[in-house]
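Before any comments, here is the structure.
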Amino acid sequence: MTISCCTWALEGPEADTLTAIAGTGLRHIDHRPFDFRSAESRRLISDLELTPACMATGFGMPEGAALDAADAGARDTAIEHTRRALEYAHETGIRRAYLLPGEVGDAETLHRYGESVIGLAGVAAGYGIKLCIEHFPGKALATVGDTLDYIARLGHDNLYLLFDIGHAQISKEDPADSVVAAGDRLGYFHLDDNDGVSDLHWALCDGVLTRDVLQRTLAALGRIGYDGPVSLEMNPGLPDPLAAIESGYRLVRAL
């Protein structure tokens with residue numbers, strides 16, 4: 001199983017972040033559209049034998065821009081931001097990227113979001129990138145079930161689910177069952193923990209997540225034939241986010 005981690009868990013100079021992650025033994029990273037663009041950072045990624053795995057396209061979205069915005073100009077700005085993120089992902093060899101849902105879940109807003117997403121799914125397909133939508137408690141697509149239903153309604157071959165085990169804990173959905181329900185629509189997988197109420201991104205098994213649930217969920221990935229990475233997404237505000245990454249890496253490998 002390929003294990004990655006979200007680089008935004010570590011703050012500070014990019015060289016320090018990359019070197020620290022490589023020091024854990026990890027060899028795959030997820031990053032944001034504005035990260036690691038310098039020649040020095042790109043060289044260091046190569047020298048450390050790190051492989052970028054996923055692009056979080058929503059980071060750095062211009063103020064007021066949204067894929068579901070009622071204002072066409074604001075929507076176009078969001079689409080262009082995401083298109084550029086996908087272009088950068090392609091340049092760096094990334095094969096998976098994801099979008100966040102909007103804030104409002106009424107039919108008209110979801111229709112606008114869907115039009116934007118379908119266009120971007122086509123752009124991503126042209127780059128050979130799987131485009132995922134992350135289910136997100138408190139947003140327009142709050143549950144795994146809602147997000148899978150929405151993806152099915154849009155009907156685009158290049159739209160997938162980004163499953164976040166911590167988000168499933170908040171929405172009270174069984175993680176292993178959710179993975180099986182996603183099946184071949186599972187495009188990416190985030191690992192984190194919380195108190196079952198807030199999206200805290202704690203280290204694995206520091207909250208409500210248990211080893212048994214994690215083991216059953218990882219086994220479910222095997223049952224559906226998922227061949228992508230699982231990615232550790234830790235909170236940069238933790239007392240020691242690098243230790244959280246290291247402990248998560250060891251635990252997933254052990255299980």
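The values are calculated or read from the model by the stated rules, or taken from the named source; none is laboratory data. Bear in mind the structure is a predicted one, so any value in this text is a computation, not a measurement. For neighbour counting, all protein chains shown are included, and Cβ atoms are generated from backbone atoms with ideal geometry for every residue, glycine included. With ligands, DNA and RNA removed, areas are computed over all heavy atoms of the protein, side chains included. Shrake-Rupley method; radii C 1.70, N 1.55, O 1.52, S 1.80 Å.
Miscellaneous remarks
- Every residue from segment 72-112 that is among the hydroxyl-bearing types (S, T, Y) and assigned to a helix (DSSP H, G or I): T77, T82, Y88, T109
- Number of the exception - C132 against (1) touching a residue at least 12 places away in the same chain (Cβ under 8 Å); (2) surrounded by fewer than 24 Cβ atoms within 10 Å (Cβ to Cβ): (2)
- Subset of segment 31-53 that is in contact with a Gly (Cβ under 9 Å, 6 or more places away or on another chain) and within 11 Å of A85 (Cβ to Cβ) - its residue that is surrounded by the fewest Cβ atoms within 10 Å (Cβ to Cβ): F34
- Residue match in segment 107-114 (condition: open to solvent by less than 30 Å² (accessible area, probe 1.4 Å), of a type in the set (F, W, Y) and over 17 Å from the mean Cα position of the chain (by Cα)): yes
- Any pair with Cβ under 9 angstrom, 6 or more apart, that starts in segment 39-56 at a residue that is on the phi < 0 side of the Ramachandran plot and ends at one that is charged (D, E, K, R) and in a loop (DSSP other than H, G, I, E, B): S41/D35; L48/R27; L50/R27; T51/R27; A53/R95; C54/R95; M55/R32; A56/R32
- Check on L18, part of a helix (DSSP H, G or I) and either touching a residue at least 24 places away in the same chain (Cβ under 8 Å) or open to solvent by 60 Å² or more (accessible area, probe 1.4 Å) (or both): yes
- Taking first residues from segment 91-105 that are over 13 Å from M61 (Cα atoms) and partners that are open to solvent by 50 Å² or more (accessible area, probe 1.4 Å) and basic (K, R), the Cβ contacts under 8 Å between residues at least 6 apart in sequence or on separate chains come to T92/R42; R95/K130; R96/K130; A97/K130.
- L67 meets the conditions (1) closer than 30 Å to I118 by Cβ; (2) in a loop (DSSP other than H, G, I, E, B); (3) of a type in the set (A, V, I, L, M); (4) open to solvent by less than 10 Å² (accessible area, probe 1.4 Å) in every case but one. The failed one is (4).
Residue-wise test of (1) modelled with pLDDT under 95; (2) of a type in the set (A, V, I, L, M); (3) touching a helix residue (DSSP H, G or I) at 6+ places or on another chain (Cβ under 9 Å); (4) within 22 Å of D227 (Cα to Cα).
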position	(1), (2), (3), (4)
E115	no, no, yes, no
G145	no, no, yes, yes
L159	no, yes, yes, yes
D174	no, no, yes, yes
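- For segment 159-216, filtering for residues that are open to solvent by less than 50 Å² (accessible area, probe 1.4 Å), in a strand (DSSP E or B) and in contact with a Gly (Cβ under 9 Å, 6 or more places away or on another chain) leaves 12.
- Against the test of being surrounded by fewer than 18 Cβ atoms within 10 Å (Cβ to Cβ), small (G, A, S), farther than 22 Å from A53 by Cβ and more than 14 Å from the chain's Cα centre (by Cα), the options A78, A142, A125 yield a single qualifying residue, A142.
- Pair list, Cβ < 7 Å and 6+ apart or interchain, from segment 217-237 residues that are among the acidic types (D, E) to residues that are open to solvent by 10 Å² or more (accessible area, probe 1.4 Å): E233/H201
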